[in-house]
Amino acid sequence: MDLDYLVSAFVTLLVVVEPLGLAPVFVAATSGLEAPMKRAIAFRAAIYALAILAGSALIGQRLLGAMGISIPAFRIAGGFLLFSIASEMVFGVRIQRDSKAAEKALAEHVHHLAAYPLAIPLMAGPGAITATVLLASDAHGSVTLIASLIAVIAGIMAICLVFCLIAGEVAQFFGTAANVVLTRLLGVLLAALAVQFVADGVRAFLQG
C-alpha cells in the first residue's frame, strides 16, 4: 500500500472539506432544533457526503472517459477550481458564502438540512468531488488504492460528523478569529496543492 498516496489523499480532502469550518455553519443551520434532531441531521449529512464522494471515486473517471475528457485536462481544470476555492478561503469569502447558505436554508424553511447546505455543498462540494476524482485517477485502476481512498473519505466524514456533534463547543472554544486564521492557513496549503495539480496536468498533457 502506498503510504504517500494515503497521506496525500487525507491531507487534500481534509483541507478541501475543512471539517472545523463546518462547526459555525452547523450551529447556524440547526439553530432552534432539539439535540436529537441535530444528531440525526449530522449523521445523515455525513452519510450523504460519503456516498457522493465514494461514488465520485468509483465512477468519476469512467464518466469523464464517456464524455471524452482526458484526465490531464480534468486535472488542469480541477486545479484551477481548487485554486479558486483556496483564494476564497484566504480572502475570507468562503466563510461568508457558507454562512449565507445556512441562512438561506433556514429562511426557505428547508427540511432536509442534511442534504443542503451540509452534505452539499459543504462536505461534498465541487472542490471535494474534483479532488476525489483526481485522487482516484492517481490510483491508476488499483483496487487497493481505490479502497484506501474510500476509507480515507470515510475517515474525513467521520471527522466532519464529530465536529458537527460538538459544533457548539467548538465554535465557542475557537471563536471567530481563530476560525478565520485557520481557514486562511488551510487556504494557502490548498493553493499549493492546486498548483501542483495544474503542473502535473500540464506535464501529462504535453507528454501525451
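The values are calculated or read from the model by the stated rules, or taken from the named source; none is laboratory data. Remember, it's a predicted structure, so these values are computed and weren't measured experimentally. When we count neighbours, we look across all protein chains shown, and the Cβ atoms used for this are built from the backbone with ideal geometry, even at glycine. The area values use the complete protein model at the heavy-atom level, side chains included, leaving out ligands, DNA and RNA. Shrake-Rupley method; radii C 1.70, N 1.55, O 1.52, S 1.80 Å.
Do we find that Phe10 is open to solvent by 60 Å² or more (accessible area, probe 1.4 Å), part of a helix (DSSP H, G or I), touching a helix residue (DSSP H, G or I) at 6+ places or on another chain (Cβ under 6 Å) and within 28 Å of Ala139 (Cα to Cα) in this structure?
Values: open to solvent by 60 Å² or more (accessible area, probe 1.4 Å): yes; part of a helix (DSSP H, G or I): yes; touching a helix residue (DSSP H, G or I) at 6+ places or on another chain (Cβ under 6 Å): yes; within 28 Å of Ala139 (Cα to Cα): yes.
For Phe10, the condition - open to solvent by 60 Å² or more (accessible area, probe 1.4 Å), part of a helix (DSSP H, G or I), touching a helix residue (DSSP H, G or I) at 6+ places or on another chain (Cβ under 6 Å) and within 28 Å of Ala139 (Cα to Cα) - is met.
Would you confirm whether any residue within the range 75-85 is over 25 Å from Leu185 (Cβ atoms) and surrounded by fewer than 20 Cβ atoms within 10 Å (Cβ to Cβ)?
Yes, because at least one residue in the range 75-85 is over 25 Å from Leu185 (Cβ atoms) and surrounded by fewer than 20 Cβ atoms within 10 Å (Cβ to Cβ).
Considering each residue of the range 13-37, count those that are in contact (Cβ under 8 Å) with a residue 60 or more places away in the chain and assigned to a helix (DSSP H, G or I), and give that number.
Here is the first cut: in the range 13-37, the ones in contact (Cβ under 8 Å) with a residue 60 or more places away in the chain are 13-31.
Next, from what is left, pick out any that are assigned to a helix (DSSP H, G or I): 13-17, 19-29.
The total comes to 16.
Has the range 13-30 got at least one residue that is surrounded by fewer than 20 Cβ atoms within 10 Å (Cβ to Cβ) and at pLDDT 90 or above?
Yes.
Could you tell me which of the residues Ile120, Ile156, Ile150 is touching a helix residue (DSSP H, G or I) at 6+ places or on another chain (Cβ under 9 Å) and surrounded by 21 or more Cβ atoms within 10 Å (Cβ to Cβ)?
Ile156
Quick check on my filter: what residues within the range 36-48 are open to solvent by less than 50 Å² (accessible area, probe 1.4 Å) and either farther than 15 Å from Val162 by Cβ or within 11 Å of the chain's Cα centre (by Cα) (or both)?
Passing the criteria: only Ala40.
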